[in-house]
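Note sheet for the following structure.
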2 protein chains.
Amino acid sequence: MNNFSFYSPTFFEFGQGAEAKTGELIRQFGGTKVLLHYGGGSIRKNGVYGKVIAALTTADIPFTELGGVVPNPRSGLVYEGIELAKKEGVDFILAVGGGSVIDSAKAIAAGVKYDGDFLDFYRKKASIEDALPIGTVLTIAAAGSEGSANSVITDEETQIKKGAYSNKLRPRFSVLNPEFTCTLPAYQTAAGATDIFIHVCKRYFSNTPEVAITDRLCEAVMKTIIYETPRVLRDPNNYDARANIMWAGMIAHNDICGVGREQDWASHHIEHELSAMYDVTHGAGLAVIVPAWMKYVVEKHPERFVPFATEVWGVPLDMPNPIETALRGIERFEAFLKQIGMPSRFSEIGAKKEDIPKLVDKLFANKETEGFYVKLNRDDVTKIYESVADV
Amino acid sequence: MNNFSFYSPTFFEFGQGAEAKTGELIRQFGGTKVLLHYGGGSIRKNGVYGKVIAALTTADIPFTELGGVVPNPRSGLVYEGIELAKKEGVDFILAVGGGSVIDSAKAIAAGVKYDGDFLDFYRKKASIEDALPIGTVLTIAAAGSEGSANSVITDEETQIKKGAYSNKLRPRFSVLNPEFTCTLPAYQTAAGATDIFIHVCKRYFSNTPEVAITDRLCEAVMKTIIYETPRVLRDPNNYDARANIMWAGMIAHNDICGVGREQDWASHHIEHELSAMYDVTHGAGLAVIVPAWMKYVVEKHPERFVPFATEVWGVPLDMPNPIETALRGIERFEAFLKQIGMPSRFSEIGAKKEDIPKLVDKLFANKETEGFYVKLNRDDVTKIYESVADV
């Protein structure tokens, strides 16, 4: 096990009606004037907007609004938010939505406290020393941004999707009401579950030995997603299944599953190029890329694929032929993704084979290799993209 | 799943050499004058004391010392600590030791900020509204107090061991260096591992249905303890095994494994009477009581014992005879406790059969029943004690 720090100070209020506490939570964490940040119209349609406004009004908290965050959130709106927050003198940002809204709020929070271009943080030209406090009301179980130190933004100028990381970005509080996720379309629900599962894969496929406790925690999240996702697709209003998925989504990404071990985010980055270029839902893009990555690297380095098969998918261990065991695990994962309606090919997500050189160029713009579990070069990534690109 | 709040704001610095950061962590969390609280001589013998003093000196942090905490920490030293902290004007308490030292530090921290008798918090006559900030340098993997909101103190006047709970008691930071646990005697190591395992049992044996994610997390901790404990007893200097147990100890008790579900602390309370009366190591007392509790309640309410057997102990499910499956799980647990050198009878921990009426009287001094998974009355608890009392 490697040395590590772990810090997850977010206060979570979880369950039916939890949003009613939003106002008092803002007060508790020092907010007196709020920027309310959200996406498109869905929170108005499903009533979440009204409930949050009621909570703010009851607590007598003044707020100003900025909607319009799109999936794969864009730098343009972040600049607008920074300007608005400064002009209005807000001291707290409340994100109401999914990972895109929260990531956009985090970018605004850091940008307000920085004199330069906020994209410096995402281009690794500066590190985040300060940020406005933020709170969240979560409406999609997927990105885990409600408990994470991460934010991912698409630079509109270059169409490059990049991440920033700082404990300063961790929300002060997050309100998680699983009921809010019951109205999500099946595709969004499944893509979210895929994102959660794969957040844990990035941590599970590690070269660090002797991390039994985090191995078992990763498996706990994966087994929960495997069990609950088909149930919720059959019965979208199943509160308990929604609740288990929602809490698993937080645990998958606040890093309790990842401390003390090297992590491999290669397949995430390989996907980011797709979602930046084609505006694919991140979870759906991952459903295409991650099995392709697995099949490409498994023979080079089967080690972690064996417990993935035996512990997560219940494949019996064929000790003389561990690679067979490993392959059975990947096949079961692919079958699961298909069962829950996720895509597996470029054509299903609007990606084009002829764009592969451009995708690879963007991914390797500032680096020679990608990933740790198996180090990948341009040629490797090209082959991974090609393996799922339709002829 | 029940509604819940979850808040675990402690900053964890984990790994070899982590204690060198103690001074800067105190500064970071606002401490300028420290009460250094510890137990007997062990931290001087194993060098931990010197390392912590060096870290405080390097960071130029003045401190005053109060040693002498004993296992099952006593109210007398807490009063002394409160007085000393007030007299010296300390603004931060650093606990260096195991659960007893940390629990004693928490009691002092709350007592300093309270005008009445600190035992009011433990007698449930008052709730903790404020406390001095505390930090910890952990030397035993067991109680989980380094990440928990709990403190347990023995009232010396009545010999009753009682707990208090408040998020105000959660340490600001905890330093976890697994090397510090390598010099522990085998019995203490095994008793600590037992305590960790059973902290999770209290959460696992719940009447709340539909808590898949926390079920899987509980199993993650239990499987880690089952795997690593025999290894560390055979090879006490195995750093990675020590590290996995130490981190499992935190996860077992910061409540990430327990949120959203009713918890049943009956067997903990039944044991507390033993450790208060005979000064038994808590984990060893639990090794005697918990299997006895399990055997007493399993036929009344087998439900949770079935996954305990199948998921934790790998017992095949005999669906027409689930009670048989359940019993196999309990038997494997008992065999494991024996394997790691834990006691199973009163005579091994110095407890006496003739004291049973007194133990029961103390347990039921202020209540009619104990526990939730199966509600126990005086007669039930008498039978549980009797089942492990030697003739």
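The values are calculated or read from the model by the stated rules, or taken from the named source; none is laboratory data. These figures come from a predicted structure and were not determined experimentally. Heads up, the Cβs are rebuilt from the backbone with ideal geometry, glycines too, and the neighbour counts pull from every protein chain shown. The accessibility values were calculated without ligands, DNA or RNA, using every heavy atom of the protein model including side chains. Shrake-Rupley method; radii C 1.70, N 1.55, O 1.52, S 1.80 Å.
Figures for the structure shown
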quantity	calculated
Highest to lowest packing among A:309-318, B:250-259, B:77-86, scored as the average C-beta count within 10 Å	B:250-259, B:77-86, A:309-318
Scattering curve values for segment B:122-210, log₁₀ I(q)/I(0), Debye with Cα scatterers, q = 0.11, 0.15, 0.24 Å⁻¹	-0.42, -0.78, -1.24
Angle in degrees between helix A:378-388 and the longest Cα principal axis of chain A, rounded to the nearest 10	90
Other-copy label distances relative to A:ARG27, 7 angstrom Cα-Cβ extension, nm	3.7
Using a Förster distance of 56 Å, the FRET efficiency for B:ASN377-A:LYS375 (Cβ separation, nearest 0.05)	0.30
Spin-label pair A:ALA365/A:ARG123, simplified geometry with 7 Å Cα→Cβ offset, distance in nm	0.9
Karplus-derived HN-Hα couplings along segment B:140-151 (A = 6.51, B = -1.76, C = 1.60, θ = phi - 60°), whole Hz, x at Gly and Pro	9, 8, 6, 6, x, 5, 4, x, 9, 9, 9, 8
Mean Cα-pair separation over length for segment A:214-340, i.e. relative contact order, pairs under 8 Å, 6 or more apart, %	22
Peptide ranges B:218-224, B:94-100 listed from the most packed, as the mean C-beta count within 10 angstrom indicates	B:94-100, B:218-224
Between 0 and 90°, nearest 10: helix B:282-297 axis offset from chain B longest Cα axis	30
Isotropically averaged projected area of segment B:192-244, using the convex hull of Cα atoms (one quarter of hull area), nm²	3.7
By average C-beta atoms within 10 angstrom, highest first, the peptides A:363-371, A:101-109, B:327-335, A:43-51	A:101-109, B:327-335, A:43-51, A:363-371
Per-residue ³J(HN,Hα) for segment A:195-205, Karplus 6.51 cos²θ - 1.76 cosθ + 1.60, θ = phi - 60°, Hz, x for Gly and Pro	4, 4, 4, 7, 4, 7, 4, 4, 8, 6, 8
Distant alpha-carbon pairs in the protein assembly as shown (separation over 43 angstrom), percent	29
Pairwise Cα inverse-distance average, inverted: Kirkwood Rh of segment B:13-52 (Å)	11.4
Between 0 and 90°, nearest 10: helix B:99-112 axis offset from chain B longest Cα axis	60
Accessible area per residue in Å² at 1.4 Å probe, computed on segment B:176-292	22
Alpha-carbon Rg/Rh ratio, for segment A:243-350, with Rh computed the Kirkwood way	0.98
Peptide B:10-19 - average C-beta neighbours from other chains (10 Å radius)	4
Partner chain coverage, peptide B:215-225 - average Cβ within 10 angstrom	6
Accessible solvent surface per residue of segment A:69-150, calculated while the other protein chains remain in place, 1.4 angstrom probe, Å²	32
Simple label model, 7 Å out from Cα along Cβ direction - B:TRP265 to A:GLU157, nm	5.7
Shielding of A:248-260 by partner chains, average beta-carbon count, 10 Å	3
Buried accessible area, chains B and A (both chains, 1.4 Å probe, Å² to nearest 100)	3400
Label geometry 7 Å along the beta-carbon vector: B:PRO236 inter-copy distances in nm	6.1
Carbon/sulfur fraction of accessible area - segment B:206-256, other protein chains in place, 1.4 Å, %	49
DSSP beta bridges in segment A:78-164 [antiparallel fraction, %, rounded to 5]	50
Per-selection Rg to Rh, segment B:56-121 - Cα, Kirkwood hydrodynamic radius	0.96
Length-normalised contact order of chain A in % [C-alpha pairs under 8 Å, at least 6 apart]	16
Computed helical MRE - 222 nm, chain B, DSSP H runs ≥ 4 contributing -39500 (n - 2.57), nearest 500	-14000 deg cm²/dmol
Stokes-Einstein D in µm²/s, Kirkwood radius over Cα pairs - chain A at 25 °C with 0.890 mPa s viscosity	116
Solution diffusion estimate, µm²/s, Stokes-Einstein, segment A:1-157, Kirkwood Rh from C-alpha pairs, 37 °C, viscosity 0.692 mPa s	207
Exam field: A:LYS353 pseudo-label spacings to other copies (7 Å along Cα-Cβ), nanometres	8.3
